[in-house]
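Only the coordinates and a few stated rules stand behind these numbers; no lab work does. The model shown is predicted, which means the values in this text are computed figures rather than measured ones. Note that we place each Cβ from the backbone using ideal geometry, even for glycine, and neighbour counts take in every protein chain shown.
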Amino acid sequence: MENFKSIFMQNDFKVTKETSKAIEFENIHTKDVIYLLPNKEISIVLHPETVEKNSGLHHKSHAVFNSTALSRFPKRLNTGQTTITYGYSFKFKTENELNRFLGAVNLIIFHK
């Protein structure tokens, strides 16, 4: 996970919260939040609003991801009777793919 933290820091994100379910990163300029999930694959989750406003991101997303670990994201009703926080997940095969994606996301969020 330290390598991933380093990649986020190179792309102007700082760690703001760590749990066993996710690491929360905040952009130091825009305050946008991204979550890194501790899966076998490199998996991150972006805020729904960021993805929904950018069709290029929406098409690259793997799925809507629901988790209480996404504490700074909005809630929606999924399959249960109560709402749960959600975002859009993205998966990467290499650290280099993650690094390039974060660079592209920074360009998008700076030009909101």
Next on the checklist: Return the residues of the stretch 1-17 that are among the β-branched types (Val, Ile, Thr) and under 13 Å from GLU95 (Cα atoms); say none if nothing qualifies.
Outcome noted: ILE7
Checklist outcome for this item: Residue set LYS40, LYS14, LYS21; condition charged (D, E, K, R) and farther than 15 Å from ARG72 by Cβ; output residue LYS40
Next on the checklist: Looking only at the stretch 3-20, count every residue that is loosely packed, with under 13 Cβ neighbours inside 10 Å and within 15 Å of ALA69 (Cα to Cα) and tell me the total.
Outcome noted: 3
Checklist entry - Do you know which residues across the stretch 88-102 are without any contact (Cβ under 8 Å) to a residue 60 or more places away in the chain and of a type in the set (S, T, N, Q)? => result SER89, THR94, ASN96
